[in-house]
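Participant: Can you read through this structure? Questions will come right after.
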Amino acid sequence: MTSSDTPRTAFVDRHLGHVPDVDAFAAGTGFDDLEALVDATVPAGIRQDEPLDLPPALDEEDALAELRGLAARNRVVQPMIGLGYHGTVTPPVVRRNVLQDPAWYTAYTPYQPEISQGRLEALLTFQTVVTDLTGLDVANASLLDEPTAAAEAMTLLRRATRAGDDAVFLVDTDVLPQTRAVLQTRAEPLGIGLVDLDLGADEDPDGDAVAAALDGRPVFGALLQYPGASGQVRDLRAVVAAVDAAGGKVAVAADPLALTLLTPPGEWGADVAVGSMQRFGVPMGYGGPHAGYMAVRDGLQRLLPGRLVGVSKDSAGNPALRLALQTREQHIRREKATSNICTAQVLLAVIAGMYAVWHGPEGLRRIAQHAHRQVSRVAAAARAAGHDVVTTRHFDTVTITVPDADAVLARALEGGVNLRRVDDTRVAVTADETTRDAHVDAVARALGAEAPAGDDLPAAGGPLARTSGYLGNEVFHRYRSETGLLRYLRRLADMDFALDRGMIPLGSCTMKLNATTEMESITWSEFADLHPFAPADQAAGTRQVVADLERWLAEVTGYDAVSVQPNSGAQGELAGLLAIRGYHRSRGDEQRDVCLIPASAHGTNAASAVMAGLRVVVVACDEAGNVDVDDLRTKIEQHGDRLGALMITYPSTHGVFEEAVREICAAVHDAGGQVYLDGANLNALVGLARPGRFGADVSHLNLHKTFCIPHGGGGPGVGPIGVRQHLAEFLPGHPLEPSLAGNVVGPVSGAPYGSAGILTIPWTYVRTMGPDGLRRATVRAIAAANYVARRLQGSWDVLYTGRNGTVAHECILDVRPLAKAAGITVDDVAKRLVDHGFHAPTMSWPVTGTLMVEPTESEDLAELDRFCDAMIEIRAEVDRVVAGEWIVAESPLRRAPHTAEDLVGEWDRPYDRRLGVYPAGTTRGKYWPPVGRVDGAFGDRNLVCACPPVSAFGEPEAAPDEVSVVEVAGEEPALVR
Ligand SMILES: *Cc1c(COP(=O)(O)O)cnc(C)c1O
């Protein structure tokens, strides 16, 4: 309800798609009204219809006014804390035309390459930045943050060296403290021993420390920090050699800005580099979201976690980009996957890549030199005042010994600067792109010194100064004017299909409205420019947003406690399973290590279970798509007191509300197990039922699905977990946040509150929807799916329905009979939908040969009808293939999608050109994919994962095989979604 003293429309009526006649819409779902549909669909046994105890809805203006009040409680202080988070300026042209542009932020992960060439090109640029700066061969298209990237590097090296269980991992004592803590969280369940490697304060440590630390133990790898958290820049060649001699490989956590001045890890023997691209124009946001990165030496690319963009070709032989080596990923490999990464940080990777495009190599070097110069002036001032500067070779950070660290911090704060307290008698000072002379002066005053003029400062790096070039590709030299970059960004965005063009009916992904009002606050300086380790009183507003959201999400889910720390749904799964593990162990049940997972589960479930040290046991599904309760009981029996947990998705990934869910939860509890309920489908539950009250112990939610954080082309995400009381003490902790430092379970993300910078999006959603509005959204989401399912009856078979013939908030369409009859594949249908101006539904998941459609509550009825019309039209084309009118290979289905180039030139196909390019219902304003169907397998055989020479784009004669560098054998092509 909107307050009655404003004339404005309630937000919920903007959030929901427009339906001119609700009765007629209800009739289209087969019911007299939508409540009757819900009664027939959601099992009575789990329903709870008391209104949620949430604040009543505010309209958009009033919600933003309230949020402004919270923003005013934050205090932005110049960040000279360092520790992996830095002040940076998002170039305004990038801020408005990427971060604030729905063409970029509402796109989905680029699994459909034909409609994703723009963001794929931007990600290829990001990968090129990473490989050039690190001096390594192949980089992926972003990870969640630096500490989790370091953890991924650890497990990658373990696989790469095929080490025995007793081999340990060395961790530099000058690594970021949050990285050390996340490594500990991730190592312990896998039985990996971490051993501290103290290299001392030497500029050129010899390798002896390695042997001393190992003390005869076998080793599979080491993580070194470059420059160290203390600021020390060390020549680590001898250390790498010593690890290598001991049989291990080396990962280096490196600051990408430092690498514009320092010799990169790839040139001194590192096998892997990881880090954060935050300071490349991505706001700190009190901890995130930012793009983590990983690059590896040639030969390790098949072990890379996450997504990798590569060059391939399309049906006309033109270069085209797509995701490479997908068979490594969790959605295919499940418990054998290289990692559980699904949602990553695409939007932030695009920003970081464009920051490099905007500044070019000279601009980046200038920014790095500025940071170096400013901190050098601080060091000179400290020395002049008689303090000992502990750091003997530095880039942007120095550690200084002082009589009283707290007094120095307090004086610096008076001058408007935050410094880092190392201990009672040491402070660390970090400079960045935004450090002005006035800030240096304030630090000097805090140290009791005058700021020196800053002449005659040492060059960064000394003998480690970088001599090799980087960012030589044209893309880093072409767009120096704002006009140039503006048009480049527009050109890339125009190649892509996002929610700003039309419906994206991706099952399980909940591509709903990301309202402008929800998005506005993320770029407010009060939220965007907070360092995650700033004193708590400077972040009172953000902390209130966190507290509100935790309370509201607990109310919505029926749980007792919530943590917003996990940076994605998959990270939430890991955190939730670690909570279960912690609980069992606290009761002496160390042996409870079996995790039952239904065959229909999302791939991340199995991958996360393995990361939590659990053994995955698959439970069958019955013919109706439900968990096979008999098989479940058998497996529970079989594993006895080793049963740790069941992971169940509800409503199921088959798009139905299982009637037996209470019985299933009870069976697991009776046997001493805990129930993990994957809450990615919460969009079908909010306001109707609460997992914490119908039997589950812990769930993750996907705020980037149900709670309106945009998908960003494949991230950011936020995957909070809710737990019942008995698990609350096992929520993720954090060593640098006093209120979390004592937790039993360590952190799963680098920052205490994860991607805090975007939590104002779900905050605004809940605040503007209110309890009624949230429930109405759920009802409408269920109604939309049922409307589509019914309208497609007779054309497409819906694979699974519930007891009354209805579906939940999504439905699975079976393409397999047509594959049999006509040789038509899910790809053919998906690509033909592009010609009609739609993104494909989810392909071949959770059932191979099917399409999963989730329309969400935000689509207008007219758009739902347009989609159904297109699907019916496509079905009619299939019939013409079945009837023998076209052979499948020469049908408009297989030749889809049609490009603008197909409008001109020779036409030798057996169907009408107009039918191909303008199928029924399309108009002149339709979307044109820039490339024809992309050949994924070709690119996997000829792997190219960095920007090819620009001339390769748009010139067919420069086919990618001519620029290919790496041959990959034995990779089967497989594309899901
Ligand atoms: C999206 C999804 C996940 C994984 O979430 P990410 O944020 O991509 O890691 C897990 N389970 C289900 C059912 C999902 O739909």
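The values are calculated or read from the model by the stated rules, or taken from the named source; none is laboratory data. Please read these numbers as outputs of a predicted model, since none were measured by experiment. Positions of Cβ are generated from backbone atoms using ideal geometry, with glycine treated the same way; all protein chains shown enter the neighbour counts.
Participant: For a quick check of your reading: which helices (runs of 4 or more DSSP H) sit entirely within segment 1-100 and have at least 2 residues that are under 34 Å from the mean Cα position of the chain (by Cα)? Walk me through it before giving the result.
Facilitator: Numbers: elements: 12-15, 22-29, 34-41, 60-71.
Result: 12-15, 34-41, 60-71.
Participant: While we're on this one: Is it the case that PHE280 is over 24 Å from ALA612 (Cα atoms), aromatic (Phe, Trp, Tyr) and not in a helix (DSSP H, G or I)?
Facilitator: Details: over 24 Å from ALA612 (Cα atoms): yes; aromatic (Phe, Trp, Tyr): yes; not in a helix (DSSP H, G or I): yes.
In short, yes.
Participant: Considering every residue within segment 265-288, establish whether at least one is surrounded by fewer than 24 Cβ atoms within 10 Å (Cβ to Cβ) and more than 25 Å from ALA201 (Cβ to Cβ). It would help to see each step written out before you state the result.
Facilitator: Quick first cut of segment 265-288, residues surrounded by fewer than 24 Cβ atoms within 10 Å (Cβ to Cβ) only: 267-269.
So of that shortlist, the ones also more than 25 Å from ALA201 (Cβ to Cβ) come out as none.
Looking for residues that are surrounded by fewer than 24 Cβ atoms within 10 Å (Cβ to Cβ) and more than 25 Å from ALA201 (Cβ to Cβ), one finds none in segment 265-288, hence no.
Participant: Test each condition in (1) at pLDDT 95 or above; (2) within 16 Å of the ligand (Cβ to nearest atom); (3) of a type outside the set (Ser, Thr, Tyr) for ALA620 and report the one that comes out false.
Facilitator: (2)
Participant: Out of curiosity, is THR510 touching a Lys or Arg at 6+ places or on another chain (Cβ under 6 Å), assigned to a loop (DSSP other than H, G, I, E, B) and of a type in the set (Val, Ile, Thr)? Quick ask: steps written out before the conclusion?
Facilitator: Working: touching a Lys or Arg at 6+ places or on another chain (Cβ under 6 Å): yes; assigned to a loop (DSSP other than H, G, I, E, B): yes; of a type in the set (Val, Ile, Thr): yes.
Criteria met by THR510.
Participant: Tally up the residues in segment 160-186 that are of a type in the set (D, E, K, R) and at pLDDT below 95, please.
Facilitator: Just the residues of segment 160-186 that are of a type in the set (D, E, K, R), to begin with: 162, 165-166, 172, 174, 180, 186.
After this cut, where a residue has to be at pLDDT below 95 as well, the list is 162, 165.
Result for segment 160-186: 2.
Participant: Which ones in segment 557-605 are touching a Cys at 6+ places or on another chain (Cβ under 8 Å) and surrounded by fewer than 24 Cβ atoms within 10 Å (Cβ to Cβ)?
Facilitator: ALA599, SER600, GLY603
Participant: Filter segment 167-197 for residues that are closer than 26 Å to SER749 by Cβ and assigned to a loop (DSSP other than H, G, I, E, B) and give the result. Break it down stepwise before answering.
Facilitator: First pass over segment 167-197, keeping only residues closer than 26 Å to SER749 by Cβ: 168-197.
If the condition is that a residue be closer than 26 Å to SER749 by Cβ and assigned to a loop (DSSP other than H, G, I, E, B), then THR173, ASP174, VAL175, LEU176, GLY191, ILE192 are the ones that fit.
Participant: I need a count of the residues in segment 604-639 that are among the polar types (S, T, N, Q), over 20 Å from MET852 (Cβ atoms) and out of contact with any helix residue (DSSP H, G or I) (no Cβ under 7 Å at 6 or more places or on another chain). First the steps, then the outcome.
Facilitator: Initial filter on segment 604-639 (among the polar types (S, T, N, Q)): 604-605, 608, 626, 634, 638.
So of that shortlist, the ones also over 20 Å from MET852 (Cβ atoms) come out as 608, 634, 638.
Retained after the next criterion (residues that are out of contact with any helix residue (DSSP H, G or I) (no Cβ under 7 Å at 6 or more places or on another chain)): 634, 638.
Summing the residues that are among the polar types (S, T, N, Q), over 20 Å from MET852 (Cβ atoms) and out of contact with any helix residue (DSSP H, G or I) (no Cβ under 7 Å at 6 or more places or on another chain) in segment 604-639 gives 2.
Participant: Turning to a different aspect of this structure: Which ones in segment 583-613 are within 16 Å of the ligand (Cβ to nearest atom) and over 30 Å from VAL798 (Cα atoms)?
Facilitator: If the condition is that a residue be within 16 Å of the ligand (Cβ to nearest atom) and over 30 Å from VAL798 (Cα atoms), then CYS595, SER608, ALA609, VAL610, MET611, ALA612 are the ones that fit.
Participant: Oh, and also: Counting just the residues of segment 695-731 that are under 13 Å from ALA561 (Cβ atoms) and of a type in the set (Val, Ile, Thr), which one comes out farthest from the ligand (Cβ to nearest atom)?
Facilitator: Out of the qualifying residues, it is VAL723.
Participant: Here is a follow-up. Tell me which residues, restricted to segment 732-758, are surrounded by fewer than 24 Cβ atoms within 10 Å (Cβ to Cβ) and not polar (S, T, N, Q). Give the steps one after another, and end with the answer.
Facilitator: Our first condition is that a residue be surrounded by fewer than 24 Cβ atoms within 10 Å (Cβ to Cβ); within segment 732-758, this holds for 733, 735-746.
Correct list: GLY733, PRO735, LEU736, GLU737, PRO738, LEU740, ALA741, GLY742, VAL744, VAL745, GLY746.
Participant: Could you pull out the residue among GLU637, GLU658 that is away from the ligand (no atom under 12 Å from the Cβ) and either in contact with an Asp or Glu (Cβ under 9 Å, 6 or more places away or on another chain) or part of a helix (DSSP H, G or I) (or both)? Steps first, answer last, please.
Facilitator: Details: GLU658 fails: either in contact with an Asp or Glu (Cβ under 9 Å, 6 or more places away or on another chain) or part of a helix (DSSP H, G or I) (or both).
Going through GLU637, GLU658 in turn, just one is away from the ligand (no atom under 12 Å from the Cβ) and either in contact with an Asp or Glu (Cβ under 9 Å, 6 or more places away or on another chain) or part of a helix (DSSP H, G or I) (or both): GLU637.
Participant: So, in segment 324-372, exactly how many residues are within 16 Å of the ligand (Cβ to nearest atom), surrounded by fewer than 24 Cβ atoms within 10 Å (Cβ to Cβ) and aliphatic (A, V, I, L, M)?
Facilitator: Here is the first cut: in segment 324-372, the ones within 16 Å of the ligand (Cβ to nearest atom) are 326, 328-335, 337-349.
Now drop any that are not surrounded by fewer than 24 Cβ atoms within 10 Å (Cβ to Cβ), which leaves 326, 328, 331-335, 337-338.
So of that shortlist, the ones also aliphatic (A, V, I, L, M) come out as 332, 337.
The number of residues fulfilling the criteria is 2.
Participant: Report, by residue number, each residue of segment 198-219 that is part of a helix (DSSP H, G or I) and among the β-branched types (Val, Ile, Thr). Give the steps one after another, and end with the answer.
Facilitator: Pass one, segment 198-219, residues part of a helix (DSSP H, G or I): 208-214.
Selection gives VAL210 alone.
Participant: Still on this structure, please answer the following. Just checking, which of ALA781, ALA819 is more than 20 Å from ALA680 (Cα to Cα), in a helix (DSSP H, G or I) and touching a residue at least 12 places away in the same chain (Cβ under 8 Å)?
Facilitator: On the way: ALA781 fails: more than 20 Å from ALA680 (Cα to Cα).
Just one listed residue meets the conditions, ALA819.
Participant: To continue, here is another question. Sort out which residues of segment 68-80 are hydrophobic (A, V, I, L, M, F, W, C) and surrounded by fewer than 24 Cβ atoms within 10 Å (Cβ to Cβ), and write them in order of number. Break it down stepwise before answering.
Facilitator: Step one: list which residues in segment 68-80 are hydrophobic (A, V, I, L, M, F, W, C), which gives 70-72, 76-77, 80.
Residues satisfying the conditions are LEU70, ALA71, ALA72, VAL76, VAL77.
Participant: Looking at ILE812, is it touching a Leu at 6+ places or on another chain (Cβ under 9 Å) and part of a helix (DSSP H, G or I)?
Facilitator: Numbers: touching a Leu at 6+ places or on another chain (Cβ under 9 Å): yes; part of a helix (DSSP H, G or I): no.
Against the criterion (touching a Leu at 6+ places or on another chain (Cβ under 9 Å) and part of a helix (DSSP H, G or I)), ILE812 does not qualify.
Participant: Tell me, please, whether a residue that is touching a residue at least 12 places away in the same chain (Cβ under 8 Å), over 16 Å from VAL76 (Cα atoms) and not in a loop (DSSP other than H, G, I, E, B) can be found in segment 494-501.
Facilitator: Residues of segment 494-501 touching a residue at least 12 places away in the same chain (Cβ under 8 Å): 494-501.
Next, from what is left, pick out any that are over 16 Å from VAL76 (Cα atoms): 494-501.
Next, only the ones that are not in a loop (DSSP other than H, G, I, E, B) stay: 494.
Yes: segment 494-501 contains one or more residues that are touching a residue at least 12 places away in the same chain (Cβ under 8 Å), over 16 Å from VAL76 (Cα atoms) and not in a loop (DSSP other than H, G, I, E, B).
Participant: Hey, GLN565 hits all of (1) within 16 Å of the ligand (Cβ to nearest atom); (2) closer than 13 Å to ILE721 by Cα; (3) touching a helix residue (DSSP H, G or I) at 6+ places or on another chain (Cβ under 6 Å) but one; which does it fall short on?
Facilitator: Condition not satisfied by GLN565: (3).
Participant: Same structure, new question: Would it be correct to say that ALA822 is among the hydrophobic types (A, V, I, L, M, F, W, C), crowded, with 22+ Cβ neighbours inside 10 Å and modelled with pLDDT under 95? First the steps, then the outcome.
Facilitator: Values: among the hydrophobic types (A, V, I, L, M, F, W, C): yes; crowded, with 22+ Cβ neighbours inside 10 Å: yes; modelled with pLDDT under 95: yes.
Against the criterion (among the hydrophobic types (A, V, I, L, M, F, W, C), crowded, with 22+ Cβ neighbours inside 10 Å and modelled with pLDDT under 95), ALA822 qualifies.
Participant: Shifting gears a bit: Looking at GLU573, GLU520, can you tell me which residue is within 16 Å of the ligand (Cβ to nearest atom), among the charged types (D, E, K, R) and under 30 Å from HIS839 (Cβ atoms)? Can you show your working first?
Facilitator: Numbers: GLU520 fails: within 16 Å of the ligand (Cβ to nearest atom).
One residue alone meets the criteria, GLU573.
Participant: Only residues that are within 29 Å of the chain's Cα centre (by Cα) and among the aliphatic types (A, V, I, L, M): list them for segment 808-838, please.
Facilitator: Hits for segment 808-838 are ALA808, ILE812, LEU813, VAL826, VAL829, ALA830, LEU833, VAL834.
Participant: Can you tell me how many residues within segment 732-761 are within 16 Å of the ligand (Cβ to nearest atom) and among the polar types (S, T, N, Q)? Break it down into steps so the answer makes sense when it comes.
Facilitator: So the first thing to find is which residues in segment 732-761 are within 16 Å of the ligand (Cβ to nearest atom), and the list is 732, 748-749, 754-755, 758-759, 761.
Next, from what is left, pick out any that are among the polar types (S, T, N, Q): 749, 755.
Number of matching residues: 2.
Participant: Hey, another quick one. Mind checking which residues of segment 55-76 are among the acidic types (Asp, Glu) and in contact (Cβ under 8 Å) with a residue 60 or more places away in the chain?
Facilitator: At the first step, the residues of segment 55-76 found to be among the acidic types (Asp, Glu) are 59-62, 66.
Answer for segment 55-76, where residues must be among the acidic types (Asp, Glu) and in contact (Cβ under 8 Å) with a residue 60 or more places away in the chain: ASP59, GLU60, GLU66.
Participant: Now a separate question. Which ones in segment 664-686 are of a type in the set (A, V, I, L, M), in contact with a Gly (Cβ under 7 Å, 6 or more places away or on another chain) and away from the ligand (no atom under 16 Å from the Cβ)? Spell out the reasoning first.
Facilitator: Applying the first criterion (of a type in the set (A, V, I, L, M)) to segment 664-686 yields 664, 666-668, 671, 675, 677, 680, 682, 684-686.
Within this subset, residues satisfying the condition of being in contact with a Gly (Cβ under 7 Å, 6 or more places away or on another chain) are 666, 675, 680.
Hit for segment 664-686 is ALA666, nothing else.
Participant: Looking for whichever is surrounded by fewer than 20 Cβ atoms within 10 Å (Cβ to Cβ) and hydrophobic (A, V, I, L, M, F, W, C) here; the options are ALA645, ALA696, ALA671, ALA680. Which one fits?
Facilitator: Every option except ALA671 fails the conditions.
Participant: Can you name the residue in segment 309-330 that is within 21 Å of ARG933 (Cβ to Cβ) and assigned to a helix (DSSP H, G or I) and, of all such residues, is modelled with the lowest pLDDT?
Facilitator: Step by step, filter segment 309-330, then rank; the result is THR327.
Participant: Can you name every residue in segment 702-734 that is assigned to a loop (DSSP other than H, G, I, E, B), among the hydrophobic types (A, V, I, L, M, F, W, C) and under 19 Å from GLY692 (Cα atoms)?
Facilitator: First pass over segment 702-734, keeping only residues assigned to a loop (DSSP other than H, G, I, E, B): 702-720, 724, 731-734.
When the remaining residues are screened for being among the hydrophobic types (A, V, I, L, M, F, W, C), the result is 703, 707-709, 718, 731.
Of everything in segment 702-734, those that are assigned to a loop (DSSP other than H, G, I, E, B), among the hydrophobic types (A, V, I, L, M, F, W, C) and under 19 Å from GLY692 (Cα atoms) turn out to be LEU703, PHE707, LEU731.
Participant: In addition: For ARG491, which of the numbered conditions (1) surrounded by 14 or more Cβ atoms within 10 Å (Cβ to Cβ); (2) within 27 Å of the chain's Cα centre (by Cα); (3) of a type outside the set (Phe, Trp, Tyr) fails to hold?
Facilitator: Here ARG491 clears every test but (1).
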